[in-house]
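Peer 1: One structure is given below, represented as structure tokens, and several questions about it will come after.
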Ligand SMILES: *Cc1c(COP(=O)(O)O)cnc(C)c1O
């Protein structure tokens, strides 16, 4: 029995990669704003449609740096508990306190209606997540932020290749961050980027990924090291050539899943483009297990799939407000997020996932729920 994991990294033809990295040997330039990095950045600028991009060694440090550039030594940041640990840690690493806002059951992003009640005189920013690439309620969030003089930094780690109202989804807010981790839709092995709004912030954001050094004799900021190296940039450059076919293949996989899942009672999938404004990237395949209707719980389904060698994942469980390391924070009232954390399962999706494998996964799901 072949094991099926929730994701699998995309690897281009090795010759394509070799051809690009051979230039590293010609130039003896391995990191520190090298030529491949600059070429990758230029290609991304064209792809995303902005010149305001800072490349980083991963998505986590991109978020940490974006938050640091707001310049607050302390205060509160409103965020979602239904996310990957990185989002919350990037806030606390900046000595800021996360305040958890509930999510909307519609697409599992931050519930804009619940934000204002959490704003205090200590609130400094809002950090929502386009979770699974589902776009947040952008207009509502930005109207609230503007009204209260707050900046919005989006964790857009899941949104590569997505557009919203014809614009890159990463072009909203004070800044948005991407992750180019190997397990993401588009990757540079490890990697990330900050897409920022105000051109004047560029020099600071660039300095923050390089020890705060502005020029040869000016150490202007307290910064760390978050530089992307030439091998990462080479992988990003090669993979970017394939991005359209990566997304198209995943769209077909998603459609194949949906045809079968729609016949299983109690299993609900998401349609992120109900309003016709989102060009979705099909990065993830989250389903909601509605226990009563389906006939088994999310955890029972997860275990049953595992017995068959199918490794779905409980993204995102536990909620960050329930994580051991955040028990020093006041308890949070997030019923919709709690419900999602106990009923969402991410099904396997990656380039190369065979139709027969999807059929097998769906027949196990149908069987466990007592259908067919
Ligand atoms: C992957 C991810 C990150 C972190 O990105 P890395 O590149 O792995 O550091 C941050 N936020 C979310 C929501 C993610 O899924």
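Laboratory data are not the source of any read-out in this text; all were calculated from the coordinates shown. Just so we're clear, the structure is a prediction, and the values are computed from it rather than from any experiment. Positions of Cβ are generated from backbone atoms using ideal geometry, with glycine treated the same way; all protein chains shown enter the neighbour counts.
Peer 1: If you take the square roots of the eigenvalues of the alpha-carbon gyration tensor of region 1-71 and sort them as a ≥ b ≥ c, do you get rounded (a/c under 1.5), prolate (a/b over b/c) or oblate?
Peer 2: Since a/c reaches 1.5 but b/c is at least a/b, the shape of region 1-71 is classed as oblate.
Peer 1: Could you please tell me the mean projected area of the C-alpha convex hull for region 70-112, averaged over all directions and given in square nanometres to one decimal?
Peer 2: About 3.2 nm², averaged over all directions.
Peer 1: Restricting to region 93-206, what percent of DSSP beta bridges are antiparallel, rounded to 5?
Peer 2: Among the beta bridges of region 93-206, antiparallel pairing accounts for roughly 55 percent.
Peer 1: Go ahead and collect, in residue order, the members of region 155-179 whose backbone nitrogen is under 15 Å from a label point 7 Å along the Cα-Cβ direction of residue 275.
Peer 2: Answer for this model: 163-167, 169, 172-173.
Peer 1: With the calculation restricted to Cα positions, what are the radius of gyration and Dmax of the chain in angstrom?
Peer 2: 20.9, 71
Peer 1: Next question, about the same structure. Give the separation of the Cα centroids, region 170-207 to region 71-86, in Å.
Peer 2: Region 170-207 and region 71-86 have Cα centres spaced 17 Å from each other.
Peer 1: Compare the peptides 148-161, 131-144, 197-210 by average per-residue count of other Cβ atoms within 10 angstrom and give them in order, highest first.
Peer 2: 148-161, 131-144, 197-210
Peer 1: Expressed in whole Å with the largest first, what are the equivalent ellipsoid semi-axes of region 52-167 derived from the C-alpha gyration tensor as the square root of 5 times each eigenvalue?
Peer 2: 19, 18, 13
Peer 1: Right, another one. Using square roots of five times the C-alpha gyration tensor eigenvalues, list the equivalent-ellipsoid semi-axes of region 270-366 in whole Å, biggest first.
Peer 2: Those come to 26, 19, 14 Å.
Peer 1: Right, next: Per 0.36 nm of contour for each residue apart, how much would the distance between residue 213 and residue 354 grow if the chain were fully extended, relative to their Cα-Cα spacing?
Peer 2: That works out to 45.9 nm of additional length.
Peer 1: In region 98-139, how does Rg compare with the Kirkwood Rh, expressed as the Rg/Rh ratio over alpha carbon atoms?
Peer 2: Rg/Rh for region 98-139 comes to 0.96.
Peer 1: In vacuo Debye scattering of region 137-284, one point per C-alpha: log10 I(q)/I(0) at q = 0.09, 0.10, 0.15 Å⁻¹?
Peer 2: Summing over Cα pairs of region 137-284 leads to -0.39, -0.48, -0.95.
Peer 1: Could you check what % of the DSSP bridge pairs in the chain are antiparallel, to the nearest 5?
Peer 2: If I count the DSSP bridges inside the chain, around 60 percent turn out antiparallel.
Peer 1: With a 10 Å radius around each residue's Cβ, average the other Cβ atoms per peptide and rank 62-73, 238-249, highest first.
Peer 2: Taking the mean over residues of other Cβ atoms within 10 Å, the ranking is 62-73, 238-249.
Peer 1: If you build the Cα gyration tensor of region 109-196 and take the root of 5 times each eigenvalue, what three semi-axes come out, in whole angstrom, biggest first?
Peer 2: 25, 13, 11
Peer 1: Right, here's the next one. How do the peptides 285-293, 102-110 rank, highest first, by the average count of neighbouring beta carbon atoms within 10 Å per residue?
Peer 2: Ranking, from highest mean packing down: 102-110, 285-293.
Peer 1: Here is a follow-up. Per-residue ellipticity at 222 nm for the chain, helices alone: DSSP H runs ≥ 4 residues times -39500 (n - 2.57), over residue total, nearest 500 deg cm²/dmol?
Peer 2: That calculation yields -10500 deg cm²/dmol at 222 nm.
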